[in-house]
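To start, the structure itself, in C-alpha cells.
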Amino acid sequence: CKKHQRATKKFDLWKLPRILIIHLKRFSYTRYRRDKIDALVEFPLTGLSMSEYVINSEQPPITYDLVGVCNHYGSLGGGHYTAYCKNKELNQWYSFDDNLVNPVSPDLIMVNKILHIY
C-alpha cells in the first residue's frame, strides 16, 4: 500500500452499438511530465469483431467496417488535425487537411491514429 504499482483496466460490454467510436488515450502523465504516445496502433479496415468483449450471451455477433479516422500531429499543447474518411457509395477513401481533400489508398490509413469511427 501507499506506493505506485502497475495496473490494468478491463472493460466488458453488454450490448454493441450500431455505430462504434473508439477514442484512444494517446497521452501519458507522470508526476513531472506529460507525454504524447505516438506508438502505431494497428486495426482492421473491415470486419472488426468486438465479440470477445461482450458478456451478454444473447448479443448477436456484429462486425464493423472503418469509415473515418481523426489524426493529431503535434504536442499536447497544440498541433494540427487531419482526417481520413470513406465514401461508402464510391468505396473511396479521402484525406482531409484543412481545405485540401484528396483521394487516398486505404494503405495510407495506417498512420498515427487518434479517433476511429466504425
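The values are calculated or read from the model by the stated rules, or taken from the named source; none is laboratory data. Since this is a predicted model, take the numbers as computed values, not measurements. Neighbour counts run over all protein chains shown; Cβ positions are idealised from the backbone, glycine included.
Okay, here's what the table says:
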{"quantity": "Number of the exception - Gly74 against (1) without any contact (Cβ under 8 Å) to a residue 40 or more places away in the chain; (2) on the phi < 0 side of the Ramachandran plot; (3) surrounded by 10 or more Cβ atoms within 10 Å (Cβ to Cβ)", "calculated": "(2)"}
{"quantity": "Cβ-Cβ under 7 Å pairs, at least 6 apart or on other chains, region 97-111 side within 15 Å of Cys70 (Cβ to Cβ), far side modelled with pLDDT under 85 and in a strand (DSSP E or B)", "calculated": "Val111/Asn71"}
{"quantity": "Condition met for Thr82 (under 24 Å from Asp107 (Cα atoms) and polar (S, T, N, Q))", "calculated": "yes"}
{"quantity": "All positions within region 14-44 that are within 27 Å of Asn71 (Cα to Cα) and at pLDDT 90 or above", "calculated": "Leu16, Pro17, Arg18, Ile19, Leu20, Ile21"}
{"quantity": "Residues being surrounded by 11 or more Cβ atoms within 10 Å (Cβ to Cβ), aliphatic (A, V, I, L, M) and within 26 Å of Pro106 (Cβ to Cβ) - total across region 22-64", "calculated": "8"}
{"quantity": "Residue tally, condition in contact with a strand residue (DSSP E or B) (Cβ under 7 Å, 6 or more places away or on another chain), over 18 Å from Leu100 (Cβ atoms) and either polar (S, T, N, Q) or at pLDDT 90 or above (or both), over region 58-89", "calculated": "5"}
